[in-house]
Amino acid sequence: MPESDFQRALRALHEGGVEFVIVGGMAAALNGAPVDTLDLDIIPARDEENLARLLRVLDAIDAIYRIHPSRRLKPDANGLVSPRPHNLLTSCGPLDVLGTIGRGLTYQDLLPHTVEMEIGGGMRVRVLDLATIVALKEELAGEKDLAALPILRRTLEHKQRGSE
Amino acid sequence: MMDEEELTDYSEDGVDLTLIRSFLSLTPAERLDIVQRHANAILAIWKLNAGK
């Protein structure tokens, strides 16, 4: 079976030695929630070395900002230091590089709330756990977050029941 | 590099409008192909991690 866009993006990040956590809809889907998602959201560790590795990978997968694709604006080292979202289009599909999620939670804050998951080809990645995804969406309580909550809560209940 | 303010485009309710425009720029067949490959990949990963 050919790799999907997000698997190719994850492979590039993994092989580039980037430390990151998968968050957002893809994290929910990987945790077993039957939700549709088309982009990949990651939060990288924010130390200088990791951001340099990330920038090399982004360059290799032709990352540009989605907002003006025709202008082909590339992320740079100064921009990546910013905790703001970087909504990118790459040769491996859409990729959002986030500095924080929720109320300012960083890679380090999220790390204890992740699960390691095998995603094929011997690759293991860190994915935000479903309980934290639900908690963050409940906390934010935006229209978009609230819309996703029923499926996420029911999936979490099933997982918890299965582990009892 | 542009002003950082111009690098994102979210609606007031938190929807990333750049993603919507990006997918609208594809043909229905391209969208279906992406959705299908994503779904297949996620199902395969569920199987790999089943019971863990």
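Annotations for the structure displayed:
- When the stretch B:1-17 is filtered for residues that are within 8 Å of another protein chain (Cβ to nearest Cβ), within 16 Å of A:Ala147 (Cβ to Cβ) and modelled with pLDDT under 85, the ones remaining, listed by number, are B:Asp13, B:Gly14, B:Val15.
- Residue list for the stretch A:67-84, filter: outside any loop (DSSP other than H, G, I, E, B) and at the interface with another protein chain (Cβ under 9 Å from one of its Cβ atoms): A:Pro69, A:Arg71, A:Asn78, A:Gly79
- Those residues of the stretch A:85-127 which are part of a strand (DSSP E or B) and of a type in the set (Gly, Ala, Ser), in sequence order: A:Gly93
- Top-ranked residue in the stretch A:3-25 [being touching a strand residue (DSSP E or B) at 6+ places or on another chain (Cβ under 7 Å) and part of a loop (DSSP other than H, G, I, E, B); ranked as nearest to A:Val134 (Cα to Cα)]: A:Glu19
- Any hit, the stretch A:26-42, residues being within 23 Å of B:Trp46 (Cβ to Cβ), more than 10 Å from chain B (Cβ to nearest Cβ), in a helix (DSSP H, G or I) and touching a residue at least 12 places away in the same chain (Cβ under 8 Å): yes
- Selection status of A:Ala77, of a type outside the set (Lys, Arg), modelled with pLDDT of 95 or more and over 16 Å from A:Leu128 (Cα atoms): no
- Test result for A:Asp5, under 11 Å from the mean Cα position of the chain (by Cα) and in contact (Cβ under 8 Å) with a residue 40 or more places away in the chain: no
- Selected residue (only one of A:Met123, A:Met117 is in contact with a His (Cβ under 6 Å, 6 or more places away or on another chain) and in contact (Cβ under 8 Å) with a residue 24 or more places away in the chain): A:Met123
- A:Glu48 meets the conditions (1) surrounded by fewer than 24 Cβ atoms within 10 Å (Cβ to Cβ); (2) more than 10 Å from every other protein chain (Cβ to nearest Cβ); (3) in contact (Cβ under 8 Å) with a residue 24 or more places away in the chain in every case but one. The failed one is (3).
- In the stretch A:128-155, residue surrounded by the most Cβ atoms within 10 Å (Cβ to Cβ) [restricted to those that are in contact (Cβ under 8 Å) with a residue 60 or more places away in the chain and part of a helix (DSSP H, G or I)]: A:Ile133
The values are calculated or read from the model by the stated rules, or taken from the named source; none is laboratory data. These figures come from a predicted structure and were not determined experimentally. When we count neighbours, we look across all protein chains shown, and the Cβ atoms used for this are built from the backbone with ideal geometry, even at glycine.
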